[in-house]
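Heads up, the thing below is written out as structure tokens.
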Amino acid sequence: MTKTVNHWIGGKTVEGASGNWGPVTDPATGAVTTQVALASVDEVDAAVAAAKAAYETWGTSSLAQRTTILFRFRALLDASRDAIAELITAEHGKVHSDALGEVARGLEIVDLACGITTQLKGELSTQVSNRVDVAAIRQPVGVVAGITPFNFPAMVPMWMFPLAIACGNTFILKPSEKDPSASLKLAELLAEAGLPDGVFNVLQGDRVAVDRLLEHPDVAAISFVGSTPIARHIHTTASANGKRVQALGGAKNHMLVLPDADLDAAADAAVSAAYGSAGERCMAISAVVAVGAIGDQLVDKIRERAEKIKIGPGSDPASEMGPLITKVHRDKVASYVHGAADQGADVVLDGTGYTVDGFEDGHWIGLSLLDNVSTDSDAYRDEIFGPVLCVLRAETYEEGVALINASPFGNGTAIFTRDGGAARRFQMEIQAGMVGVNVPIPVPVGYHSFGGWKDSLFGDLHIYGNDGVQFYTRGKVVTTRWPDPSEAPAGVDLGFPRNH
């Protein structure tokens, strides 16, 4: 029987009324298991109205009330890790351990939100002039919305809403329609934790819902994670409508391997970073730049490890990599491998013909490894978002850095070397927002901010960490002057001594 996923508005489930539904498949079987409501403009307006009404009291609620609720939510979330991970595996396809990992990373931001009291302390300067004080405070912005991608249906929403509501905003989540169930589970846990109705809402939908959120006059801010073309559209449209925007786009993350690197460690890292979560993550390493004569040896080591990866249903504990999210996406990823040889690459591994016995209709693809890839080929220029690793060659460190910096993307990058001087140069010279030194996927911990440069970020502020708190609040400076009690009008005695 097909399950139905609806909206969560005003603290309760609200059935879809638009008459439009989207299919949700189990990527391991290819079968449609769920139908998800796709919101109309009227349903978007209802969600915004609920959030706006809730903001009247939540925006002025005490920090103690907010953090008490967030601590309860954190305990419930921690106890529900497996249940959330199972929902992710069923609709996204990633293996259970990977799904548990994204819940854990989301918990980091909940931890940060639980300590929001120290983030919102403000500043005070006394006696800037005679009996004049100046205070800088931060206040919530109002109704905010988060538009999140399919690849992390629990983690990316938790990069947004815990800080947003901790800062006193009310929140509308528009999750991916490809794997929407985790969002409702989060809503239920927040309600169980005692979050007032309307503070957190889930609006299922497609572009109709997104475009209405971007133009709605009562939505003050938009957070987005997804592909670069859509991030650019989100930023342009929402900004034109007077909203503050953080829109995180796509990536082509490089790993520079110097001749002195530990090649076994580099090969392990390349396989993990390129093929983990089936390559469906914006921080995946999709291009390795081998410097000097170590290229052939490095490619051999990567191939040996890639051939041993166990691919199968995410629900199977033996599986190390699951299927891709949809058949359409699977076929698009395969097209890059099919066209690689014609564009000059050596196809070391071709995973496009991979299937799993008993699950032949699943969205399967194996691991592909392309060597001697040129910078003008489609496989290099485009964000493939699948288990395809490109290897490029460079003669020197300088050539490798120039190659990476020429990319229009600047999300994350890494260097593998034993040379501290080279590593220091790299972290200063590379044009990317997140840098790893012998760390292939340099995703910051929750109290540092996540975000790239160039076409990987549209907007001024990165997500979560200090930037997240700044994004979900706006500054106010208050200058005050109070007369001294000794200057009270004659005839009024406030009880202060006159001889000070």
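The values are calculated or read from the model by the stated rules, or taken from the named source; none is laboratory data. What you are looking at is a predicted structure, and each value in this text was computed from that prediction instead of being measured. Positions of Cβ are generated from backbone atoms using ideal geometry, with glycine treated the same way; all protein chains shown enter the neighbour counts. Accessible surface is based on the protein model in full, side chains and every heavy atom, while ligands, DNA and RNA are left aside. Shrake-Rupley method; radii C 1.70, N 1.55, O 1.52, S 1.80 Å.
Give me the pairs, please: first residue somewhere in segment 207-236 and over 23 Å from Ala37 (Cα atoms), second residue anywhere and hydroxyl-bearing (Ser, Thr, Tyr) and at pLDDT 95 or above, beta-carbon distance under 8 Å, and either six or more positions apart or on two chains. Final answer for the pair search is Ala221/Tyr472; Thr228/Ser456.
Looking for whichever is touching a helix residue (DSSP H, G or I) at 6+ places or on another chain (Cβ under 9 Å), at negative phi and among the β-branched types (Val, Ile, Thr) here; the options are Ile415, Ile404. Which one fits? Before you say what the answer is, go through the steps one by one.
Numbers: Ile404 fails: touching a helix residue (DSSP H, G or I) at 6+ places or on another chain (Cβ under 9 Å).
Answer to the check: Ile415.
Looking across segment 285-298, the residues that are open to solvent by less than 10 Å² (accessible area, probe 1.4 Å) and among the aliphatic types (A, V, I, L, M) come down to Ile285, Ala287, Val288, Val289, Ala290, Val291, Leu298. Would you mention how many residues in segment 423-444 are farther than 27 Å from Asp382 by Cβ and in contact with a helix residue (DSSP H, G or I) (Cβ under 6 Å, 6 or more places away or on another chain)? Of the residues in segment 423-444, 1 are farther than 27 Å from Asp382 by Cβ and in contact with a helix residue (DSSP H, G or I) (Cβ under 6 Å, 6 or more places away or on another chain). Among the residues of segment 415-426, at least one is touching a residue at least 24 places away in the same chain (Cβ under 8 Å), more than 24 Å from the chain's Cα centre (by Cα) and within 21 Å of Tyr275 (Cα to Cα).
For segment 89-133, which residues satisfy the criterion of being hydroxyl-bearing (Ser, Thr, Tyr) and touching a strand residue (DSSP E or B) at 6+ places or on another chain (Cβ under 7 Å)?
If we filter segment 89-133 for residues that are hydroxyl-bearing (Ser, Thr, Tyr), which is where we start, we get 89, 97, 117-118, 125-126, 129.
Within segment 89-133, Ser125, Thr126 qualify.
Cβ separations smaller than 6 Å between residues 6+ apart or across chains give no pair from segment 458-480 residues that are among the basic types (Lys, Arg) to residues that are part of a helix (DSSP H, G or I). The one condition from (1) open to solvent by 10 Å² or more (accessible area, probe 1.4 Å); (2) at pLDDT 95 or above; (3) under 30 Å from Pro259 (Cβ atoms) that Thr352 does not meet is (3). Where helices (runs of 4 or more DSSP H) fall wholly inside segment 349-455, the ranges with 2 or more residues that are within 22 Å of Val328 (Cα to Cα) are 378-381.
Based on this model, can you work out whether Asp82 counts as farther than 18 Å from Asn466 by Cβ, open to solvent by 30 Å² or more (accessible area, probe 1.4 Å) and either among the aliphatic types (A, V, I, L, M) or in contact (Cβ under 8 Å) with a residue 12 or more places away in the chain (or both)? Spell out how you get there, then give the answer.
Details: farther than 18 Å from Asn466 by Cβ: yes; open to solvent by 30 Å² or more (accessible area, probe 1.4 Å): yes; either among the aliphatic types (A, V, I, L, M) or in contact (Cβ under 8 Å) with a residue 12 or more places away in the chain (or both): yes.
Yes: the conditions hold for Asp82.
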